[in-house]
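Okay, structure first, notes after.
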Amino acid sequence: MNVLLVNTYDLGHQPFGLASPAAWLLRGGHQVVCADLAIDRWPDNLAAFDCVAFHLPMHTATRLAAPLIRRLRGKARVACYGLYAPLNADYLRSLGAEAIIGGEFEAALLAWVNGEEVNGASFDRLAFVPPQRHLLPVLGSYAKLHVGDHQRIVGYTEASRGCKHLCRHCPVVPVYEGRFRVVPAEIVLEDIRRQVAAGAQHITFGDPDFWNGPTHAQRIVRALHAEFPALTYDVIIKIEHLLQRRDLLAELRETSCLMVTSAVESLDDAVLAKLDKGHTRADFLLAVSLLREAGLTLAPTFIAFTPWTTRASYLHLLRTLAELDLVGHVSPVQWALRLLIPAGSRMLELEEVQALVTGFDEEALLHRWQHADPAMDTLAAAAIRSAGHPGTREEIFARLWELAAEGEYETPALQARAAIPYLDEPWYC
């Protein structure tokens, strides 16, 4: 079979979600073309493909894929796979997708190409093979890591999938429901080895939480550092895990970890409890201190606008980040994100959220909700526009403060800090 694997958006990374299934399909005797539409053009020779499969790892990717899936109706067999496929199964089928594959998708995708009827999420423990990245655009085409005045070419891999935790707002939860699967260390290391040969100077680990399996994770970074001592990397780790395994922070730094992203989401304990995050404001403050002591950069992410956000709490968030000298650590979009409630979200367990939801927008792939105070929705809309305008992180912070403070409070003073490493692709969902 001639198979086209399509990715529309993956946060500026060379997509593991194309490279991994491509390896399975090639091993199965199929011809494979990968189209990463974040970089590539839509192929002109669609008639040449028997099967087209869309990788849908997130909300933005799925929305971008929808019109392309619709265009293929009656022209090719179409499958959708990845996290957002099972969350939006009925909608994707209405567009023309015949197979919806979630969870551990590689074996199921191969079975579908082989003519088997496949649908739903699989959580089988797979015998992974090294991803085939030669079918993708070169690493230099993707997002770069900035460290001071220097840029580094960034590779991307995944050491695990799913998550043990059940954070109420997280889209991983409705699919994996607390399940967690690892990619064998030898496969991860071979994937990185090939990317280094292709020019990678830094690796992003895209695991939902790198320390869901800390023994597995640390085995990988120890081996990685031993083989490539100049290679740096970044990871995603929950605040809860940073505190529980603080004994491993020094090893992260010693193995050349530059940056730890953590989904803080809020600095309000009541909101954190509603989100079922598993940490408190005090935990966050302690994590900031521990990572600074270890010489690691913390890159916190937030859901700035929730049903419980007030103008005062929003200003408190901004002021606290300024007082902690964290403004340069936060991607500006994080000061403007509004709670997204996808299909199957645990947020709908809360009666107060149900009361604010106005209906499910199938094309937008989310439950629409309105804040009890219309002024907060107005502020959220203004904040996302302002965050998208050019400027340094400090300049964007000042604009957002002025929007929210409305002249009533003086903009917090920001201290000059040493260069903070950052990836030049904004964090969306």
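Each reported figure results from applying straightforward, stated rules to the coordinates on display, with no laboratory input. The shown structure was predicted, so the numbers you read here are calculated from the model rather than taken from an experiment. For neighbour counting, all protein chains shown are included, and Cβ atoms are generated from backbone atoms with ideal geometry for every residue, glycine included.
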Would you pull out the residues with amide H under 5 Å of Val264's amide H, same chain only if 5 or more places away, H placed 1.01 Å from N?
Thr301
Order of Thr297, Thr392 from fewest to most other C-beta atoms within 10 Å?
Thr392, Thr297
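Counting other C-beta atoms within 10 Å, which of Met58, Met347 has the fewest, and how do the rest follow? Let's see the in-between values first.
Numbers: Met58 20, Met347 24.
By the 10 Å Cβ count, ascending, the order reads Met58, Met347.
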Would you please put 225-232, 327-334, 398-405 in order of how densely packed they are, using the mean number of other Cβ atoms within 10 angstrom per residue and starting with the highest?
327-334, 398-405, 225-232
Using the Karplus curve 6.51 cos²θ - 1.76 cosθ + 1.60 with θ = phi - 60°, work out ³J(HN,Hα) for each residue of the stretch 164-176 in order, rounded to whole Hz, and write x for Gly and Pro.
6, 9, 10, 3, 5, 8, 7, x, 5, 5, x, 8, 8
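Going by how many other Cβ atoms sit within 10 Å of their own, how do Lys75, Lys144, Lys238 line up, fewest first? If you can, show how the numbers build up before the last one.
Working: Lys75 12, Lys144 19, Lys238 25.
Ascending Cβ contact count within 10 Å gives the list Lys75, Lys144, Lys238.
Can you count the Lys pairs in the chain whose Cα atoms are under 25 Å apart, with each pair 8 or more apart or on different chains? List each step's numbers first, then the result.
Values: Lys144/Lys238; Lys164/Lys238; Lys164/Lys274; Lys164/Lys277; Lys238/Lys274; Lys238/Lys277.
Count of close lysine pairs: 6.
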Applying the Karplus parametrisation 6.51 cos²θ - 1.76 cosθ + 1.60 with θ = phi - 60° to the phi angles of the stretch 249-259, what ³J(HN,Hα) value in whole Hz is obtained for each residue in order, glycine and proline being reported as x?
4, 4, 5, 4, 5, 5, 9, 6, 5, 9, 8
So what are the ³J(HN,Hα) numbers for the stretch 207-218, from phi and the Karplus equation (6.51, -1.76, 1.60; θ = phi - 60°), rounded to whole Hz, Gly and Pro as x?
4, x, 8, 4, 9, 4, x, x, 5, 4, 5, 6
Looking only at Asp191, Asp247, Asp234, which one moves most when the chain is put into a Gaussian network model with springs between Cα atoms under 10 Å?
Asp247
The stretch 190-253, dipole about Cα centre (Lys/Arg Cβ +1, Asp/Glu Cβ -1), debye to the nearest 20
120 debye
Looks like the stretch 1-133, by Cα gyration tensor root eigenvalues a ≥ b ≥ c and the a/c under 1.5 rounded cutoff (else prolate when a/b is bigger than b/c, oblate otherwise), is rounded
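Please give the contour-minus-distance gain from Glu177 to Glu394: 0.36 nm per residue of separation, less the Cα-Cα distance, rounded to one decimal in nm.
Working: separation 217, 0.36 × 217 = 78.12 nm, distance 3.85 nm.
Between Glu177 and Glu394, full extension yields an extra 74.3 nm.
Counting alpha carbon pairs within less than 8 Å and at least 6 residues apart, what relative contact order, in whole percent, applies to the chain? Don't skip to the answer; put the middle values down first.
On the way: 806 pairs, mean separation 56.7, N = 429.
In percent, rounded to a whole number, it is 13.
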In whole angstrom, the spacing between the Cα centers of the stretch 28-66 and the stretch 248-296 equals 36 Å
What is the ratio of the Cα radius of gyration of the chain to 2.2 N^0.38 Å, with N the residue count, to two decimals?
0.97
Which one of Gln14, Gln195, Gln370 has the biggest mean-square fluctuation once the chain is modelled by GNM with Cα springs under 10 Å?
Gln370
Once the piece of chain linking Ala270 and Met1 is laid out straight, how much longer is it, given 0.36 nm per residue of separation minus the C-alpha distance between them?
91.5 nm
Enter the Cα centre distance for the pair the stretch 1-25 and the stretch 331-346, rounded to the nearest angstrom.
25 Å
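If you take the beta carbon distance between Glu254 and Phe123 as r and set R0 to 41 Å, what does 1/(1 + (r/R0)^6) give as a FRET efficiency, to the nearest 0.05?
On the way: r = 34 Å, r/R0 = 0.84.
Efficiency, rounded to the nearest 0.05: 0.75.
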Label-to-label distance, nm, for residues given as Asp247 and Glu363 (7 Å Cα→Cβ offset)
5.5 nm
Over all directions, the average projected area of the alpha-carbon convex hull for the stretch 1-75 comes to how many nm²?
4.7 nm²
If the chain between Glu349 and Asn45 were fully stretched, how many nm would it gain, using 0.36 nm times the residue separation less the Cα-Cα distance?
104.8 nm
Please list, ordered by chain and number, the residues whose modelled amide H lies under 5 Å from the amide H of Thr204; skip anything fewer than 5 residues away on the same chain.
Gly155, Tyr156, Thr157, Asp234
Label-reachable residues, the stretch 286-324, where backbone N falls under 20 Å from a point 7 Å from Thr378's Cα toward its Cβ
305-316
